[in-house]
């Protein structure tokens, strides 16, 4: 155990930092602040971009839905006209059939 303690003591003994250590640490922290600042702006830009894309997608879906609804309404109106025409034709055929088959 004595050898382990000696190795730990040697590994953990106080040493003076190399020349320029404080300047290097301060330089790295200012770069880190700038990186964090740029990441914040990049994230905000990404959020605004995603919000814009989502907004445009919702507008496009709304337009498509409205066009589909209008097309469906036109189809329903055409169906009603067709049914009316078939009823009129059926009535006319019934009338002609009854005239042809009269004794």
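The values are calculated or read from the model by the stated rules, or taken from the named source; none is laboratory data. These figures come from a predicted structure and were not determined experimentally. Every residue, glycine among them, receives a Cβ derived from its backbone with ideal geometry; neighbour counts consider all protein chains shown.
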Here the residues within the range 8-20 that are part of a loop (DSSP other than H, G, I, E, B) and surrounded by 10 or more Cβ atoms within 10 Å (Cβ to Cβ) are none
The condition of being at pLDDT below 80 and assigned to a helix (DSSP H, G or I) holds, among 71, 23, 5, 31, only for 31
